[in-house]
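First the structure, in the form of structure tokens, and then the observations on it.
The values are calculated or read from the model by the stated rules, or taken from the named source; none is laboratory data. Because the structure is a prediction, the values reported are computed rather than measured. Cβ sites come from the backbone with ideal geometry, for glycine too, and all protein chains shown count toward neighbours.
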Amino acid sequence: MELFTNQVLAGIATGAIYACMALAVVMIYQAIDHLNFAQGEMAMFSTFISWQLMQWGVSYWAAFLITLAFSFVAGIAIERILFKPLAKAPILTNVAGFIALFAIINSSAGLIWDFTIKQYPTPFGSAPFLGSQLISTHQAGMIGVTVLLLLGLYFFFQYTRIGLAMRAAASVPESARLVGINTSWMIALGWGMATAIGAIAGMLIAPVVFLEPNMMGGVLIYGFAAAVLGGLSSPFGAVVGGFLVGIFENLAGTYIPGVGNELKLPIALALIISVLVVKPAGLFGRHIVKRV
Amino acid sequence: MTTLLNVKDLRAYYGQVQALHGLSFSLNEGSLTTLLGANGAGKTTTLRAICNMVRSTGAIEFDGKPLNNRSTENIVRFGIAHVPQGRGTFTTMTVEENLQLGAITRKDSAGIVSDIERMYAHFPVLKQRHTQQAGTLSGGEQQMLAVARALMLRPRLMLLDEPSFGLAPLVVRDLFGILGKINREDKVSILVVEQNAQLALELADHAYVIETGRIVMSGKAKDIANNEEIRKSYLGY
């Protein structure tokens, strides 16, 4: 039983990271109807920025905040420079754009910081959390930061005017323009926020997977699995999907013989395919009530 | 009477296809003007061209200021509220959020709150449903919501694209009654595009008739309604 509880709690901790990545993917998907394959690489690059800042002697939380600001601006810049001009281009052109972005960021990180694996610090420590052997303080910290982030985002989208405007721009762009919303900037803002959310995920998971240019590859696939499971049209679903995938991943690795650590990733891919076949809209995919 | 909207030699294009062929008309401050014509005559395109939602040439002046080359969202900030064909409801959001979105360019939060109450007074059914997802409203209710959303801008000019479309005759009467009241009491100038010519001519003070992208007739709504020849050849009733 203790093994089970332990695995579930650890699953929730990594699930928090998947939830963040899924949320970032869904935010961009809502804004421009494309999956951002480079989301993980963007998060990795942000994490390297924070690492570099710490190497230069900046404290953890200062580096954390500077990285968030950097990621926000960088996300907006990527949208303005690369994807705004592609807005009306065919879907394959956009996919090529995302793959190019993936390759460019991955290679640049390798060029600047090389491909060796680096230790990444945790501000929470890795002692047992509250004296319990079930979960470490870093895992508890991952969950805590994610929950704070999600509450903040919920408040932002539900109760601020700019959040309302962003939702409007994503749901009915033409009507949004007709009430005076600059939808183009709302998309850019969405990119900035998604990039910052990805940066948080990267910085929280780096102590676990270690820092290197390919660190987010697996994480992003879990993020995609979470987004598909929850429904690409539902930010709430993406978050729930993230936690579910985290727990599922750990339990499958522990209890299904032969899965272990090596076959965990194929499980995420199998999950994506199963959901797409059985329930393409995902668990919480938007069911729009419409009367005609 | 000052001219609020002045359109001169408007030509509009969808890709290579020209939809408006040099259309000119004007609208006085405080008036309720209607643009009539058959399907495909260019009524919707005219409204869309005013808000720069379709490629066009020619001069469009609002209150003496040119609107050409401004983005749709900037034109809204001049106080032009456009209720598009199909109502443009934010279906996944609540009724109240739809109203708040109508006022999204305004800064006076106290005024917005009191205007929402004013809209609920105009349209009591919206108050009953203010927490409901807007997509669940009936067609007539959604049209009321669309008009209310447009009014939340505190517009000087309201553009309405076929507000009667798909609504039951009684609901249409109701709606047109409210439009007349808004025009008289709130001093909002209105340009309404309609296929239901009879009804529109009862409501409006001035009318233009469009055929294949050109104005073919204009005058007082009363005169046009009383001219049997025009009615038969252009308006079909």
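Where strands (runs of 3 or more DSSP E) sit wholly within region B:131-222, those with at least 2 residues that are modelled with pLDDT under 90 occupy B:214-220. The set of residues from region A:70-99 being without any contact (Cβ under 8 Å) to a residue 24 or more places away in the chain and either buried (at least 18 other Cβ atoms within 10 Å of the Cβ) or under 19 Å from the mean Cα position of the chain (by Cα) (or both) comprises A:Ala77, A:Gly97.
For region B:65-77, the candidate set comprises residues that are assigned to a loop (DSSP other than H, G, I, E, B) and surrounded by 17 or more Cβ atoms within 10 Å (Cβ to Cβ); within that set, the residue that is nearest to the other protein chains (Cβ to nearest Cβ) is B:Arg70.
Looking across region B:81-98 at every residue that is of a type in the set (A, V, I, L, M, F, W, C) and part of a loop (DSSP other than H, G, I, E, B), the one that is surrounded by the most Cβ atoms within 10 Å (Cβ to Cβ) is identified as B:Phe90.
Tell me which residues, restricted to region A:1-26, are over 17 Å from A:Pro207 (Cα atoms) and surrounded by fewer than 24 Cβ atoms within 10 Å (Cβ to Cβ). It would help to see each step written out before you state the result.
Step one: list which residues in region A:1-26 are over 17 Å from A:Pro207 (Cα atoms), which gives A:1-9, A:19, A:22-26.
Passing the criteria: A:Met1, A:Glu2, A:Leu3, A:Phe4, A:Thr5, A:Asn6, A:Gln7, A:Val8, A:Leu9.
If I filter region A:163-183 for residues that are among the acidic types (Asp, Glu) and free of Cβ contacts under 8 Å to residues at least 12 places away in the same chain, do I get at least one hit?
yes
Of everything in region B:33-64 that is part of a loop (DSSP other than H, G, I, E, B) and within 14 Å of chain A (Cβ to nearest Cβ), the residue that is surrounded by the most Cβ atoms within 10 Å (Cβ to Cβ) is B:Cys51. From the list B:Ala81, B:Ala110, B:Ala103, the lone residue that is more than 11 Å from every other protein chain (Cβ to nearest Cβ) and not β-branched (Val, Ile, Thr) is B:Ala110. The C-beta contact set for region A:1-13 (first residue under 15 Å from A:Phe129 (Cα atoms), second residue not in a helix (DSSP H, G or I) and not β-branched (Val, Ile, Thr), distance under 6 angstrom, 6+ apart or interchain) comprises A:Thr5/A:Leu134; A:Asn6/A:Leu134; A:Leu9/A:Leu134. Taking region A:153-166 as the range and being at the interface with another protein chain (Cβ under 7 Å from one of its Cβ atoms) and not hydrophobic (A, V, I, L, M, F, W, C) as the test, only A:Arg161 passes. Please verify whether B:Ser114 is more than 19 Å from the chain's Cα centre (by Cα) and under 26 Å from B:Gly30 (Cα atoms), treating the condition exactly as stated. The answer is yes for B:Ser114.
Considering the conditions (1) assigned to a loop (DSSP other than H, G, I, E, B); (2) in contact with a helix residue (DSSP H, G or I) (Cβ under 6 Å, 6 or more places away or on another chain); (3) among the hydrophobic types (A, V, I, L, M, F, W, C), A:Phe115 is excluded by exactly one of them, (2).
For region A:1-92, which fully contained helices (runs of 4 or more DSSP H) count at least 2 residues that are in contact with a helix residue (DSSP H, G or I) (Cβ under 8 Å, 6 or more places away or on another chain) and more than 24 Å from A:Gly242 (Cβ to Cβ)? Show your work before the answer.
On the way: elements: A:2-32, A:39-55, A:60-78.
Once the helices (runs of 4 or more DSSP H) in region A:1-92 are filtered for at least 2 residues that are in contact with a helix residue (DSSP H, G or I) (Cβ under 8 Å, 6 or more places away or on another chain) and more than 24 Å from A:Gly242 (Cβ to Cβ), what remains is A:39-55, A:60-78.
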